[in-house]
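Engineer: Supplied in structure tokens, the structure appears directly below.
The values are calculated or read from the model by the stated rules, or taken from the named source; none is laboratory data. Just so you know, these numbers come straight off a predicted model, no measurement behind them. So basically every Cβ, Gly included, is an ideal-geometry build from the backbone, and we count neighbours across all protein chains shown. Surface areas here come from the heavy atoms of the whole protein model, side chains and all, with no ligands, DNA or RNA. Shrake-Rupley method; radii C 1.70, N 1.55, O 1.52, S 1.80 Å.
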Amino acid sequence: MQAYLLEFVNFMLRWLHVIAAIAWIGESIYFVMLDNGLRKPKAAEDREKGVFGEMWAVHGGGFYHNQKYATAPAKLPEDLHWSFWKSYTTWLSGFALFVLMYMTNPGFYLVNPDSSWEWAANMSGWQANVLALAFLLAGWVVYNEMCKRISPNMERDGILSLAVAVLMVVVAYLSVQMFSGRAAFLLTGAVMATAMSANVFFWIIPGQRRMVNAMKAGEQPNPLDGKRGKQRSVHNTYFTLPVVLLMISNHYSFVYNHEYAWVLMALFIFAGALIRQFFVLMHAGKIQPAYPAAGTALILVAFWLAMPGGATPAANGTAEAPSQEEVHAMIDQHCVACHSREPTQPGFASPPAGVAYDNWDQILRQKSQIQQVVASKYMPLGNMTGMTDEEREVIAAWSELP
């Protein structure tokens, strides 16, 4: 019953996280589109009252007229729309999922026993939890300090962008060294997502509140508040596509268990940012296909790098194909505790991904998948059953059996 309860809570949290993320990202992308799609107001009366730009749109059978003021309108309505709860809900639900799925069993999901860094490979569960939290906090602190020191007045945002790109490569490399592959991809995405939500909480919303309060007091708002908010909003929009990809990466072990997983991660991050740049410029009326072409090129490089190479031991004749009994016994020992209609492994109410190995026919249907996840060392998770390299070679040498 406890396993079922945890799984159901996980299910509902994931639903909330996805709904909040869709709402936040959708609204963020809309406002970037709106901001870049503004045109100089045609009416003299609009220009006289401080309208910086306007946009006419048609949607859902109606017409919309959006206007942006260069500084502030003469009067603010009481029902001014604010955008922040979607951001906070996305981060809070995502962090709750991380706690529920990873931090409740860190030795299983966080620790990387194959790390070349001995201290990381030998971490205890509580140490891995503390390190994961410190990793998220440090990512935000370093990013925030870079923004404040490199481009405090938004005059060197180009240099700042390059620095943030380097930072993400470093984050990707460190995460792969310190955590298991699955957690590394998730934590790198979480560092970016934390920066996005923290940008809203610490910079965008406080700056907007100061602007509104100044206007209500009959004072001129500080233009730096608007510029800082715009800077952080721009960063958020370039983080969006990479974060979404990294959050769904835990379904694809060929990526996060690769020898050069951090390189693949960096390639995907830059590809997402380049593709996003195409849409940002398109909303401003500039069609530059070089950006999605460059992003696609990076994805193809990642595809080539992650491509399996070489023949299996069975195919090149260097290992004798095991018998059905050997394979079945090995899967019973290392896999069936989780992958069964009635799992005996604590924490599982049903077989992961609905895949069960209760009989030989079920095993045969999943043969290629079993070989892939065993060869990549994704399975068994955390190698909790102690599968040896020799046993992995047996699975790799498994050929078609009657």
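Engineer: Working out 0.36 nm times the residue gap between residue 323 and residue 114, then minus their Cα-Cα distance, what length gain in nm do you get to one decimal?
Structural biologist: 72.3 nm
Engineer: Next up: Between the DSSP loop rule and a limit of at most 14 other Cβ atoms within 10 Å, which trypsin sites (Lys or Arg not before Pro) in region 111-214 are left?
Structural biologist: Hits after loop and neighbour filter: 156.
Engineer: Take the eigenvalues of the Cα gyration tensor for region 1-81, scale each by 5, and report the square roots as semi-axes in whole Å, largest first.
Structural biologist: 42, 14, 11
Engineer: Give, as a single signed number, the net charge of other residues whose beta carbon lies under 12 Å from the beta carbon of residue 237, with Lys and Arg counted +1 and Asp and Glu -1.
Structural biologist: Its environment carries a net charge of +1.
Engineer: Counting only pairs 8 or more residues apart or on different chains, how many lysine pairs in the chain have their Cα atoms under 13 Å apart?
Structural biologist: 5
Engineer: If you average 1/r across every pair of different Cα atoms in region 58-111 and take the reciprocal, what Kirkwood value do you get, in Å?
Structural biologist: Averaging 1/r across every pair of different Cα atoms and inverting gives 15.9 Å.
Engineer: At a 1.4 Å probe radius, which order do 30, 238, 357 fall into by accessible area, largest first?
Structural biologist: Per-residue accessible area, sorted high to low, gives 30, 238, 357.
Engineer: Contact order normalised by length for region 54-185, with contacts defined as Cα pairs under 8 Å and 6 or more residues apart; what percent is it?
Structural biologist: RCO, region 54-185: 21 percent.
Engineer: Going by amide H atoms built from the backbone, whose H comes under 5 Å of the H on residue 53, apart from near neighbours?
Structural biologist: 68
Engineer: Given the DSSP H assignment, sum -39500 (n - 2.57) over each helix run of at least 4 residues in the chain and divide by its residue total; what's the result at 222 nm in deg cm²/dmol, nearest 500?
Structural biologist: -19500 deg cm²/dmol
Engineer: How big is the gap, in Å, between the Cα center of region 225-295 and the Cα center of region 71-92?
Structural biologist: Region 225-295 and region 71-92 have Cα centres separated by 26 Å.
Engineer: Which trypsin sites (Lys or Arg not before Pro) in region 44-74 pass both tests, a DSSP loop state and at most 13 other beta-carbon atoms within 10 Å?
Structural biologist: The qualifying sites are 49.
Engineer: Calculate, for residue 248 and residue 49, the FRET efficiency according to 1/(1 + (r/R0)^6) with r their C-beta to C-beta distance and R0 41 Å; round to the nearest 0.05.
Structural biologist: Rounded to the nearest 0.05, the efficiency is 0.35.
Engineer: Here's something else I'd like to know. About the Cα centre of the chain, what is the dipole size in debye to 20, counting +1 per Lys and Arg Cβ and -1 per Asp and Glu Cβ, all else neutral?
Structural biologist: 2300 debye
Engineer: Looking at (1) 85, 48, 46; (2) 60, 46, 41; (3) 79, 54, 43, which value of Cα extents along the principal axes in Å comes from a calculation on the structure shown?
Structural biologist: Working out Cα extents along the principal axes in Å from the coordinates points to (1).
Engineer: Now for a different question. Using the Cα centre of region 103-239 as origin and beta-carbon charges of +1 (Lys, Arg) and -1 (Asp, Glu), tell me which of 171, 120, 144 is placed farthest towards the positive end of the dipole.
Structural biologist: Positive-most Cα among the choices belongs to 144.
Engineer: How much accessible area per residue does the chain have, counting only protein heavy atoms and a probe of 1.4 Å, in square angstrom?
Structural biologist: With the other protein chains kept in place, the chain gives 55 Å² per residue.
Engineer: Just reorder 46, 157 by solvent-accessible area, largest first, 1.4 Å probe, all chains present.
Structural biologist: Largest accessible area first, the list is 157, 46.
Engineer: Hey, another quick one. Apply the Karplus parameterisation 6.51 cos²θ - 1.76 cosθ + 1.60, with θ equal to phi minus 60°, to every residue of region 40-47 and state each ³J(HN,Hα) to the nearest whole Hz, in sequence, with x for glycine and proline.
Structural biologist: Per residue, the Karplus-derived 3J(HN,Hα) values read 4, x, 7, 7, 4, 5, 5, 5 Hz.
Engineer: Relative contact order, percent, of the chain when contacts are C-alpha pairs under 8 Å separated by at least 6 residues?
Structural biologist: The normalised contact order for the chain reaches 15 percent.
Engineer: Report relative contact order for region 222-353 in percent, whole number only (criteria: Cα-Cα under 8 Å, sequence separation at least 6).
Structural biologist: 16 percent
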